[in-house]
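Below: the structure, in structure tokens.
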Amino acid sequence: MGTYDLFPRGLSRRYEPVRVIGRGGMGVVFEAEDLRLERRVAIKCLQGGFREGDAQRFRDEGVALARISHTGVVHIYDTGVDEGVPYLLMELLDGEDLSDLVAALGKPLAVDRACRVAVDMLSGLAAAHASGVLHRDVKPQNVRLTSRGVVLYDFGIAKLVEDDDTAGTVVVGTVGYLAPERYRGMRATPASDLYGVGVCLRFMLTGHPPAGAGEDSHAAVVYRIVQGLPPLREVVEEVPADFARVVDSLCAVDPANRPADTAEAIRLLSPWAAEPGTVPEAPRARQRAEDADLRFHTAPVRVLKGPHAAEPVTLSIDIRRLVRSRMTESSALARQREAVGLLLRGDVQEAADILDGTLPYCRDTLGADHPTTLACQYWKAVCLARSGESAAALELFARVGTRIGAGRNETDD
């Protein structure tokens with residue numbers, strides 16, 4: 001099953017997938033357009049190969065988020081199951097993840113900026129905890145720096161506190177950011193989320209994962225966490241001693257030695273935090289080619305200048321519907337040939353724009369295995385390759401090859 005095959009057919013009657021914006025252990029997150037309300041949303045779909053409890057845990061994410069009303073927590077619109085695929089419909093966040101911010105900066109954050117992020121994270125967690133919800137996976141990849149401030153998202157393994165019956169049986173979380181007590185089989189508590197904030201602080205202040213890099217073995221990382229991270233001042237000497245002690249307390253091995261709650265943690269960190277509303281800025285990271293949707297764009301992407309340089313400008317929904325309603329199999333083939341002619345003349349971007357506008361009709365009307373659909377995808381891959389988007393080109397070439405290979409196998413049979 002391909003990535004886009006996971007998008008439920010029922011949802012596609014109202015939501016048009018635009019691109020893949022995230023992949024994880026539990027699912028795939030699509031940016032999609034709400035054709036009724038004319039807005040962009042994020043839709044998280046649970047991947048196949050469900051393990052026992054996955055679907056219920058996914059539903060719990062929706063219930064958990066629906067309980068929380070705070071600017072520091074992603075807003076949920078709906079949740080359900082379509083054709084056996086559980087999905088979560090939520091707001092589409094702008095900005096970038098904390099992990100991407102540090103990577104784009106190429107250096108650690110200043111103490112006041114890192115503290116501001118941590119305090120804002122704690123504010124969001126305070127609202128979650130007050131609603132009886134634990135995040136359970138606080139890490140840089142789940143912290144979004146947006147135009148409205150710091151937002152926590154992906155409560156994918158959150159579970160209602162009063163319904164927590166997994167203690168001692170299931171350990172869920174991300175290696176390197178999971179609290180030590182979780183590895184010992186203890187149930188998650190608000191103190192476990194505080195530990196996540198502490199290790200995120202260390203990540204911001206050092207520029208690298210606190211318990212070890214990706215090449216380290218799972219066992220080595222877990223051992224360092226269970227034994228206890230070294231004092232912050234041994235890693236970053238220039239930070240204030242009193243501040244370092246607060247960070248060390250958040251990362252204490254024994255939950256009893258951490259701050260009593262989010263309010264206490266905020267009180268301890270606030271003296272070193274930048275002014276409220278201060279969000280660190282970094283060079284806007286270029287969208288990863290492998291995450292770009294290769295089939296659903298229907299308009300050229302214009303390059304803008306200024307703070308919104310990466311935002312696409314697309315045709316209106318009504319115009320797109322009109323174009324598709326008047327397209328036929330012969331006109332789609334003609335558009336494909338027109339694109340090939342432009343490509344051969346060197347007009348790569350114009351060819352790609354035509355193919356982007358033709359592919360949705362081919363996919364929805366002619367079918368994924370139709371020769372015109374496959375040909376359009378092939379030539380779109382050529383456009384990507386000539387534009388330097390090698391990863392995305394290879395992914396699309398492989399997708400086309402898989403479709404053609406499957407058709408040949410059926411014929412041989």
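Listing for the model above:
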item	result
Ranked HIS218, HIS75, HIS135, criterion: other C-beta atoms within 10 Å, fewest first	HIS218, HIS75, HIS135
Potential extension, ALA368-SER387 segment - 0.36 nm per residue separation minus Cα distance	4.4 nm
Coil-residue GluC sites (Glu not before Pro) of region 53-130, DSSP, other Cβ within 10 Å capped at 12	GLU83
Kirkwood Rh (inverse of mean 1/r, distinct Cα pairs), region 349-389, angstrom	10.2 Å
Theoretical gain in end-to-end length, ALA398 to ARG187 [0.36 nm per residue, Cα-Cα removed]	71.6 nm
Neighbour-count ranking [beta-carbon atoms within 10 angstrom, fewest first] of LYS44, LYS139	LYS139, LYS44
Approximate spin-label separation ARG67-ALA130, in nm, with each point projected 7 Å along Cα-to-Cβ	1.4 nm
Point-to-point label distance, GLU350-LEU37, nm (Cα→Cβ direction, 7 Å offset)	4.0 nm
Exposure proxy ranking, count of Cβ atoms within 10 Å, fewest first, for ILE225, ILE266	ILE266, ILE225
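All of the numbers you see were taken from the coordinates with simple rules; none came from a lab. Remember, it's a predicted structure, so these values are computed and weren't measured experimentally. Here the Cβ is made from the backbone with ideal geometry for all residues, glycine too, and neighbour counts use every protein chain on show.
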